[in-house]
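Comments concern the structure below.
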Amino acid sequence: MSLQSGVKRRDPEGEKKIVIFLDGERALKDQLLIAFRQEGLSERIEAVVLDIMHVMEYVWEAGTVLHGEKGAGRNPWVREHALAILEGRVGRVIGGLKQILTKQELRASHVKALNKVITYFENHDNLSSQDSTNQSEAA
């Protein structure tokens, strides 16, 4: 089934906006946007959104590094930072993690884990909120 026929089957009138959920793989996003453009569907893309389940894996990892797997502060920290990401404040989350790296003495393994989380968020901050810039990328 082609992309065009799949979209037409779900929306025969061609009136609905399209929201694309991705797991964070940049190459997949790039290829999907190319395919939508080639099929003449790019104007209908409302947003390209990062699947929150993938984001949460990284939030939990950072929370565990900072508070321990059973630490009392872990769940509140994860909740606070997950909400910040959902509200589009990914930059603040990144900034906070970078401050922790510079102000706290952490084990090398914890530094490595937090750097991995920071890199993930930096590479995907444009997908973590639904914004119109994604639509213009597709055009």
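Does LYS98 satisfy being over 30 Å from ILE18 (Cβ atoms), outside the structural domain of ILE20 (by TED's automatic domain parsing) and out of contact with any helix residue (DSSP H, G or I) (no Cβ under 7 Å at 6 or more places or on another chain)?
Values: over 30 Å from ILE18 (Cβ atoms): yes; outside the structural domain of ILE20 (by TED's automatic domain parsing): yes; out of contact with any helix residue (DSSP H, G or I) (no Cβ under 7 Å at 6 or more places or on another chain): no.
When the stated conditions are applied, LYS98 does not pass them.
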Would you point out the residue of the range 1-23, among those that are among the hydrophobic types (A, V, I, L, M, F, W, C) and part of a helix (DSSP H, G or I), that is surrounded by the fewest Cβ atoms within 10 Å (Cβ to Cβ)? LEU3
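Tell me the residue from VAL111, VAL65 that is more than 17 Å from the chain's Cα centre (by Cα), part of a helix (DSSP H, G or I), among the aliphatic types (A, V, I, L, M) and surrounded by fewer than 16 Cβ atoms within 10 Å (Cβ to Cβ), please. Break it down into steps so the answer makes sense when it comes.
Details: VAL65 fails: surrounded by fewer than 16 Cβ atoms within 10 Å (Cβ to Cβ).
Of the residues listed, the single one that is more than 17 Å from the chain's Cα centre (by Cα), part of a helix (DSSP H, G or I), among the aliphatic types (A, V, I, L, M) and surrounded by fewer than 16 Cβ atoms within 10 Å (Cβ to Cβ) is VAL111.
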Residue set GLU105, GLU87, GLU69, GLU80; condition in the same structural domain as TYR120 (by TED's automatic domain parsing), more than 16 Å from TYR120 (Cα to Cα) and modelled with pLDDT under 90; output residue GLU87
Output the qualifying pairs, or none if there are none: Cβ atoms under 6 angstrom, residues six or more apart or on different chains, first residue in the range 24-35 and surrounded by 16 or more Cβ atoms within 10 Å (Cβ to Cβ), second residue among the small types (Gly, Ala, Ser). LEU33/ALA138
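Of all residues in the range 36-54, count the ones that are in contact (Cβ under 8 Å) with a residue 40 or more places away in the chain and in a helix (DSSP H, G or I).
To start, the set of residues in the range 36-54 that are in contact (Cβ under 8 Å) with a residue 40 or more places away in the chain comprises 36-37, 42-43, 45-50.
Imposing the further condition that a residue be in a helix (DSSP H, G or I) reduces the set to 36-37, 42-43.
So the answer is 4.
The values are calculated or read from the model by the stated rules, or taken from the named source; none is laboratory data. Keep in mind the model is a prediction, meaning the values are calculated, not measured. Counting neighbours? That spans all protein chains shown, and the Cβs are built from the backbone with ideal geometry, glycine included.
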